[in-house]
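Below is one structure, written out as structure tokens; comments come after it.
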Amino acid sequence: MDHLQKFGSQFKTSLFFILLCNSLLTLAGLWVAYENLGSYRGGDSKLVLLSIAGIITPISAALVTWIASVYLLQPVKFIWEAVMHIAPDTANAAAPDPDKVQLGREFVTILAAHVYQLANVVEDVESASKNVHSNLKSDFVANSLPLPLVVLDKDSNIVFANEALRTYIGQDNSDSAGQNVYAILDLLFSNEDTFDKWLELVKADQITATKTWERVRLDLGEEKGDRYFDLVAYYNKNNPESFEVMLVLFDRTHQYSQDDQAMNLVALAAHELRTPLTLLRGYIDAFEEELEGKLDPEMTDFMRKMKAAGQQLAAFTSTILDVSRFENNQLVLKLREEQLGPLLQSVVASMELRAQVHGIKLTLKVDDNLPSVGVDSLSISEVISNLIDNAIKYSNQGKEIIIHAYAISGGVVETTVQDFGVGVPEAVIGNLFKKFYRDHHNRNQISGTGMGLYLSKAIIDAHGGNIWVKSHEGQGSTFGFTLTPYSQLADEAKKGDTMDITRTPHGWIKNHSLYRR
């Protein structure tokens, strides 16, 4: 700061003398003119002097300005030449000579030294940045991490992949740096919430972000098979080291494969049950017809309970097989225009016997003038049956179950199934639609597989609706779902050759269609 103050004092002193010289030159010019007027010192002398002053003043000002600019601009010129000397596009420019500066020599010399020092710092940073990749490759922690790790730049190109990743995907020791991540990791997701879509969103409005995906599949081809894992991503916008995205893979191949094998085994068992179960239900119906009016009340009640048990077992096998088809992306829904009222009446009628066996009353309410909906009638019937069946299981004898269909905003049709049973603890509500989940408070007292709600959610999602639950422990639960009016789906139907709208609950979604090479 002392050098700046000294330079300021020198500048003000120089400016003062320059202005003083300008004034003295003007006065000297006027005095010479006055002394040489001679005979013109009459009445016109003032006018002549003013004319001479008008000529002398701009000439003096121009002369002094030219001299002052050369002198006062010396510090600026010196700094400019110093910057040009270190600039990358003018590297051949000569360094300025401080001996040519009279005004503020110490100040500009120190300032130029700081500029040179900053240039050296920038050069060191750039040099470190160029070597950062090789430094990461030699980093002990990154390479020794037992989890597969890959680091990406802003263009989703691989900056670094550790040894665990190369082993996991069966890649040789060749360097994958510089390749697009999609060329190395053919990621498949179980729904449309993919890594690619998430990355596009966070790049738009976030500085840092993290995200986890479960049950991601990696297609390694027929020889190597598939890998299943949970994926964790970390995003850091404009990272100075070009480490914009970091991906860590947590292998779950053994666990998820076992789940698939268990599901396939259960589905196979359910499939084998269908034939004897169909025969059993047929015999029960035949006996019921033949023995009608011939049995005492106790035996009649036994027949009703056998028939209800047969219906429940048939619903169970149907759910198992549909979940299996859903998991293997083979469950195809055909959405058609239907009136929801008759569909609900049919399902409630089929569930009436099961409710009566448990001493429960089913009440159906369908509001007037409901719009037609676009549904796959068999799948929606299964959803309604699952919800009513759950309500029956978790209701006490003598209670009522209310099924209500009504319109909400936007013409959307909502259906609720309300029971007054044991209810669901608030802590477990968020898990109800997960596969195999069952509340530990009731699993020993009430039968079930934990797949009915899981399948129901998948079917409602495929219909473009929403399924939800509200519950108070000890007071009962209300499950509801929405369906879109068929009129809003008409445009989609017109795109095909038929009036069917084909949907699938989910499939493995590729993370990308193309990638930049």
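Sorting check: for 357-364, 78-85, 13-20, 372-379, which peptide has the highest mean count of neighbouring beta carbons within 10 Å, and how do the rest follow?
Answer by packing, highest mean first, reads 372-379, 78-85, 357-364, 13-20.
With a probe of 1.4 Å, find how much accessible area the range 149-247 has per residue, and write the answer as a whole number in Å².
In whole numbers, the range 149-247 has 48 Å² accessible per residue.
From the backbone phi of the range 178-185, what are the Karplus-calculated ³J(HN,Hα) couplings (6.51 cos²θ - 1.76 cosθ + 1.60, θ = phi - 60°) in whole Hz, Gly and Pro given as x?
Once θ is set to phi - 60°, the couplings for the range 178-185 become x, 7, 5, 4, 6, 6, 9, 10 Hz.
For the range 328-397, rounded, prolate or oblate, judged on the Cα gyration tensor with a ≥ b ≥ c (square roots of eigenvalues), a/c < 1.5 rounded, else prolate if a/b > b/c?
It comes out oblate by the Cα gyration axes.
Can you give the extra length, in nm with one decimal, that the chain gains between Ile59 and Val332 once fully stretched, where that is 0.36 nm per residue apart less the Cα-Cα distance?
That pair, Ile59 and Val332, stretches by 88.8 nm at full extension.
In a shell of Cβ-Cβ distance under 9 Å around Trp213, excluding Trp213 itself, what net charge do Lys and Arg (+1) and Asp and Glu (-1) give?
The answer is -1.
How do 301-307, 475-481 rank on mean C-beta neighbours within 10 Å, highest first?
Top to bottom by mean Cβ count within 10 Å: 475-481, 301-307.
How high is the FRET efficiency from Gln255 to Glu289, r the C-beta distance, R0 60 Å, rounded to 0.05?
The pair Gln255/Glu289 has a calculated efficiency of 0.75.
Once label points are set 7 Å from the Cα along Cα→Cβ at both Ala94 and Asn396, what is their separation, rounded to one decimal in nm?
Output for this residue pair reads 10.4 nm.
Assuming a ≥ b ≥ c are the square roots of the Cα gyration tensor eigenvalues, decide whether the range 368-416 counts as rounded (a/c under 1.5), prolate (otherwise, with a/b larger than b/c) or oblate.
Oblate shape, in that a/c is at least 1.5 and b/c is the bigger or equal ratio.
Just the number please: accessible area per residue for the range 342-398, 1.4 Å probe, all protein chains included, in Å².
I get 43 Å² per residue for the range 342-398.
From the cross-link list Lys211/Lys237; Lys365/Lys457; Lys307/Lys470; Lys361/Lys470, which pairs have alpha carbons spaced over 25 Å apart?
Lys307/Lys470
Work out the FRET efficiency for Leu118 and Gln356 from their Cβ-Cβ distance, taking R0 = 60 Å, and round it to the nearest 0.05.
The computed FRET efficiency comes out at 0.10.
What full-extension length gain, to one decimal in nm, is calculated for Leu145 and Lys305 as 0.36 nm per residue of separation minus the Cα-Cα distance?
Gain in length upon complete extension: 51.6 nm.
Ordered by packing density, taken as the mean number of other Cβ atoms within 10 Å over each peptide's residues, highest first, how do 292-298, 144-150 rank?
Going from most to least packed, we get 144-150, 292-298.
Give me a comma-separated list of calculated 3J(HN,Hα) values for the range 407-416, in order, Karplus coefficients 6.51, -1.76, 1.60 applied at θ = phi - 60°, integers in Hz, x for any Gly or Pro.
9, 10, 4, x, x, 5, 9, 10, 10, 10
Going from most exposed to least, what order do Met246, Met351 have by accessible area with a 1.4 Å probe?
These residues rank, largest area first, as Met246, Met351.
Evaluate E = 1/(1 + (r/R0)^6) for Leu24 and Met84, where r is the Cβ-Cβ distance and R0 equals 56 Å; express this FRET efficiency to the nearest 0.05.
Efficiency at R0 = 56 Å is approximately 0.90.
The values are calculated or read from the model by the stated rules, or taken from the named source; none is laboratory data. This structure is a prediction, so every number in the text was calculated from the model and none was measured. Note: ideal-geometry Cβ built from the backbone for every residue, glycine included; neighbour counts use all protein chains shown. Ligands, DNA and RNA are stripped out before the accessible areas are found, and what is left, the full protein with its side chains, is counted by its heavy atoms. Shrake-Rupley method; radii C 1.70, N 1.55, O 1.52, S 1.80 Å.
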